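In what follows, a single structure is set out as structure tokens and then discussed.
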Amino acid sequence: MKTINIAIDGPAGAGKSSIAKRCAKELGFIYVDTGALYRSVALFAIRNDVLTNDEAAVLALLQNVNVELKFVDNVQKVYLNGEDVSEAIRQNEVSMGASNVSAIPKVREFLFNLQRRIAMTNNVIMDGRDIGTVVLPDADLKIFMTASPEIRAKRRYLELEHKPDCPSFEALLAEIIQRDYNDSHRETAPLKQADDAVLLDTSELDFEQSVQKVIELIKSVEE
Ligand code: DC
């Protein structure tokens, strides 16, 4: 049976994951957050006192890394060497580490098959940076979701505000700008809109409006 594959790419904080998660739930698809894979590799490096931008050291660690995705009621859990790290990978320090390890071509290769396999066997909404361009070039629908850096930093701030050690808005904005730069300027699989992707700017849309827009787009290809 042919599966339906929806690719959503875009910069950090554009709303990809929360919007994709909700759409997947409504449509009975599996939501795959591929950033979690890069985050798991970064977490492993951080836990082993390896700098995430030290390519040789990160590559030396890879043989000891086993990342798995499991879906419970269509909700993704990520396991690092058998441990559920779904929460641990969300720490702010892991974000920049993930951006660093994701620039290493062998790390991308290491995580490629896992992503492909899931899409071949399930109806998926998969989000990331290179899903429409590299991982699923034949996806049924590609969406490039974006929003202004200020809006993205504000959303991130509102998410973290009540947590201990919440960075300032200015620090989050600077981090978002730096991460955009890293993700879109790396040599391998940089963040960029696929030629056949639909551009969706969520700066002026609230969550519900964004969800409805994505569902409309998906329904138009399902018919
Ligand atoms: O989506 P996220 O913020 O959890 O992703 C963390 C980092 O992982 C991001 O800065 C870039 C990288 N990434 C990637 O290079 N390719 C993907 N498909 C997903 C994430």
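The values are calculated or read from the model by the stated rules, or taken from the named source; none is laboratory data. Please read all numbers here as calculations on a predicted model, not as lab measurements. FYI the Cβ positions are ideal-geometry reconstructions off the backbone, even for glycines, and counts take in every protein chain you see. Quick note on the areas: whole protein, heavy atoms, side chains included, nothing else; ligands and nucleic acids left out. Shrake-Rupley method; radii C 1.70, N 1.55, O 1.52, S 1.80 Å.
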Response to the item:
Sole miss for F110 among (1) open to solvent by 50 Å² or more (accessible area, probe 1.4 Å); (2) in contact with a Leu (Cβ under 9 Å, 6 or more places away or on another chain); (3) within 10 Å of the ligand (Cβ to nearest atom); (4) among the hydrophobic types (A, V, I, L, M, F, W, C) is condition (3)
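Here is a yes/no grid of residues against (1) at pLDDT 95 or above; (2) touching a Pro at 6+ places or on another chain (Cβ under 7 Å); (3) farther than 25 Å from K213 by Cα:
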site: G13; (1), (2), (3): no, no, no
site: S17; (1), (2), (3): no, no, no
site: S40; (1), (2), (3): yes, no, yes
site: V50; (1), (2), (3): yes, no, yes
site: V72; (1), (2), (3): no, no, yes
site: I89; (1), (2), (3): yes, no, yes
Worksheet item: Which of the residues that make up the stretch 23-56 are basic (K, R) and either within 16 Å of the ligand (Cβ to nearest atom) or within 15 Å of the chain's Cα centre (by Cα) (or both)?
Response: R39
Worksheet, complete the sentence: When the stretch 164-176 is checked residue by residue, the ones that are closer than 18 Å to G35 by Cβ and either open to solvent by 50 Å² or more (accessible area, probe 1.4 Å) or aliphatic (A, V, I, L, M) (or both) are L172, I176
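Yes or no: L205 more than 13 Å from the ligand (Cβ to nearest atom) and open to solvent by 30 Å² or more (accessible area, probe 1.4 Å)? Spell out the reasoning first.
On the way: more than 13 Å from the ligand (Cβ to nearest atom): yes; open to solvent by 30 Å² or more (accessible area, probe 1.4 Å): yes.
Against the criterion (more than 13 Å from the ligand (Cβ to nearest atom) and open to solvent by 30 Å² or more (accessible area, probe 1.4 Å)), L205 qualifies.
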Worksheet item: Among the residues of the stretch 90-106 satisfying the criterion of being open to solvent by less than 40 Å² (accessible area, probe 1.4 Å) and of a type in the set (A, V, I, L, M, F, W, C), which is farthest from the ligand (Cβ to nearest atom)?
Response: I104
Worksheet, complete the sentence: Log entry, pairs with first residue in the stretch 4-16 being within 12 Å of V32 (Cα to Cα), second being part of a strand (DSSP E or B) and of a type in the set (V, I, T), beta carbons closer than 6 Å, six or more apart or on different chains, reads N5/V124; I6/I125; I8/I143; K16/I8
Worksheet item: What helices (runs of 4 or more DSSP H) completely inside the stretch 1-80 contain at least 3 residues that are charged (D, E, K, R)?
Response: 16-27
Practice prompt. Select from the stretch 153-186 the residues that are in a helix (DSSP H, G or I), touching a residue at least 24 places away in the same chain (Cβ under 8 Å) and basic (K, R) and list them in ascending order.
Written response: R155, R156, R179
Worksheet item: Within the stretch 81-115, how many residues turn out to be among the acidic types (D, E) and part of a helix (DSSP H, G or I)?
Response: 2
Response to the item:
Here the residues within the stretch 116-128 that are open to solvent by 40 Å² or more (accessible area, probe 1.4 Å) and either in contact with a helix residue (DSSP H, G or I) (Cβ under 9 Å, 6 or more places away or on another chain) or outside any loop (DSSP other than H, G, I, E, B) (or both) are R116, R117, M120, T121, N123
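What is the residue count in the stretch 129-145 for residues that are open to solvent by 50 Å² or more (accessible area, probe 1.4 Å) and not aliphatic (A, V, I, L, M)? Steps first, answer last, please.
Initially, the stretch 129-145 is screened for residues open to solvent by 50 Å² or more (accessible area, probe 1.4 Å), giving 134, 137-138, 140.
Checking the rest, the ones that are also not aliphatic (A, V, I, L, M) come to 137-138, 140.
Residues flagged as open to solvent by 50 Å² or more (accessible area, probe 1.4 Å) and not aliphatic (A, V, I, L, M) within the stretch 129-145 amount to 3.
Which members of the stretch 13-22 meet the condition of being open to solvent by less than 10 Å² (accessible area, probe 1.4 Å) and within 11 Å of the ligand (Cβ to nearest atom)? Spell out the reasoning first.
From the stretch 13-22, those open to solvent by less than 10 Å² (accessible area, probe 1.4 Å) are 14, 19-20; that's our starting set.
Within the stretch 13-22, A14, A20 meet the criteria.
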